[in-house]
1. Is there any pair with a first residue in the stretch 20-47 that is part of a helix (DSSP H, G or I) and a second that is crowded, with 17+ Cβ neighbours inside 10 Å and of a type in the set (A, V, I, L, M) whose Cβ atoms are under 9 Å apart and which are 6 or more apart or on different chains, and what are they?
2. Identify all residues within the stretch 113-143 that are assigned to a loop (DSSP other than H, G, I, E, B) and either modelled with pLDDT of 95 or more or under 20 Å from ILE51 (Cα atoms) (or both); write none if there are none.
3. Do we have any residue at all in the stretch 155-167 that's farther than 30 Å from ASP197 by Cβ, surrounded by 17 or more Cβ atoms within 10 Å (Cβ to Cβ), touching a Lys or Arg at 6+ places or on another chain (Cβ under 9 Å) and β-branched (Val, Ile, Thr)?
4. For the stretch 189-231, which positions are aromatic (Phe, Trp, Tyr) and either modelled with pLDDT of 90 or more or under 22 Å from the mean Cα position of the chain (by Cα) (or both)?
5. Give the residue, chosen from PHE100, PHE28, PHE24, that is surrounded by 17 or more Cβ atoms within 10 Å (Cβ to Cβ) and either closer than 30 Å to THR214 by Cβ or in contact with a Lys or Arg (Cβ under 9 Å, 6 or more places away or on another chain) (or both).
6. For the subset of the stretch 214-230 comprising residues that are in contact with a helix residue (DSSP H, G or I) (Cβ under 7 Å, 6 or more places away or on another chain) and not hydrophobic (A, V, I, L, M, F, W, C), which member is nearest to ARG37 (Cα to Cα)?
Amino acid sequence: MIYLFRFATFFMIGSAGGWVVELFFRHFVMLSKGKNRWVNPGFLAGPCLPIYGFGLSILYFMSYLGDMLPIGNPILKALVIVLSEAVIMTLVELIAGEIFIIRMNIRLWDYTRQWGNYKGIICPLFSLIWGLVGAAYYFLFHSWLPDVVDYLISQNYILFIFGVFYGIFFVDYAYSMQMVKKVKKFAQDNGIVVFYDDLKEDITDSREKKKEKTEFTFVFRGNMQEHLKHYYDNLKLSAENVAEMMQEHTEAIKTQIQENKEIVKDKVQENTELVKDKMHETGDSLKEKMGIKK
């Protein structure tokens, strides 16, 4: 039972803490785009990112089990633990990403621009980041955080905190899954994968243009089908613009190739005439030297 309470506490701390980290990270990403906007991360409406909750729980249990490894060298033991955490967290990210893409037609994050990525779900850079996070937990938090967690679960009020947090969490999960089902159906009907963050941003942009109140928590408030149709229309428009740009670029290349062909052809003709003239001059000179009359 103690391990169940530990997991529940680590999950709660990781989910809420990870949400705060993502909140500020995405805000600065928006600032880099020229938009002073706060973006609610993840697919839940409330301040919770389950993948970080599972992540912190995994880091704790792997560090706990890693301390029992029969490895005498502490540096080697730490290296094995951190590398194992990076691998496991990458697998968690892969499984979560695959579930949402394959079963929901939704992409919650996108690493397609990162080197060595697999389906845009995992990549070496973020595996390295998970390794650094694992190292930070093991060296900075593992020596004292489990004791804090054990102290918390020994207090009577922890049950009240659990009740509030997990009560809100499961209600939020049920509500958010209803939204996900609508997105999934629309995506399957149109043969696309919806980028969840792009959908949220599209809805917010649309509301700002209409001078409507933007939503931070319940982003999908309103007519969901209308939101999805607007997103899809913008997606098609972007695809058409890209196709048009590619067509223009292709035509420009073809024109350039044709012009180069003409230039090369003219140059070859010019050089051919020069060679002929030179051959005639050389022939006449030889005939003159040999006393042959023209």
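1. From residues that are part of a helix (DSSP H, G or I), the pairs are VAL21/LEU49; GLU22/VAL39; GLU22/LEU49; LEU23/VAL39; ARG26/VAL39; HIS27/VAL39; VAL29/VAL39; MET30/VAL39.
2. So in the stretch 113-143, the residues assigned to a loop (DSSP other than H, G, I, E, B) come out as 113-117, 119-121, 123, 142-143.
Matches in the stretch 113-143: ASN117, LYS119, GLY120, ILE121, CYS123, HIS142.
3. The answer is no, given that none of the residues of the stretch 155-167 is farther than 30 Å from ASP197 by Cβ, surrounded by 17 or more Cβ atoms within 10 Å (Cβ to Cβ), touching a Lys or Arg at 6+ places or on another chain (Cβ under 9 Å) and β-branched (Val, Ile, Thr).
4. Initial filter on the stretch 189-231 (aromatic (Phe, Trp, Tyr)): 195-196, 216, 218, 220, 231.
Once the filter is applied, which keeps residues that are aromatic (Phe, Trp, Tyr) and either modelled with pLDDT of 90 or more or under 22 Å from the mean Cα position of the chain (by Cα) (or both), the stretch 189-231 yields PHE195, TYR196, PHE216, PHE220, TYR231.
5. Numbers: PHE28 fails: surrounded by 17 or more Cβ atoms within 10 Å (Cβ to Cβ); PHE24 fails: surrounded by 17 or more Cβ atoms within 10 Å (Cβ to Cβ).
Only one candidate passes the filter, namely PHE100.
6. Of the residues in the stretch 214-230, the ones in contact with a helix residue (DSSP H, G or I) (Cβ under 7 Å, 6 or more places away or on another chain) are 214, 219-220, 224, 227-228, 230.
Retained after the next criterion (residues that are not hydrophobic (A, V, I, L, M, F, W, C)): 214, 227, 230.
Details: THR214: 10, HIS227: 19, HIS230: 20 Å.
Restricting to residues being in contact with a helix residue (DSSP H, G or I) (Cβ under 7 Å, 6 or more places away or on another chain) and not hydrophobic (A, V, I, L, M, F, W, C), the top hit is THR214.
The values are calculated or read from the model by the stated rules, or taken from the named source; none is laboratory data. Just so we're clear, the structure is a prediction, and the values are computed from it rather than from any experiment. A quick note on method: Cβ atoms are made from the backbone with ideal geometry, for glycine too, and the neighbour counts reach across all protein chains shown.
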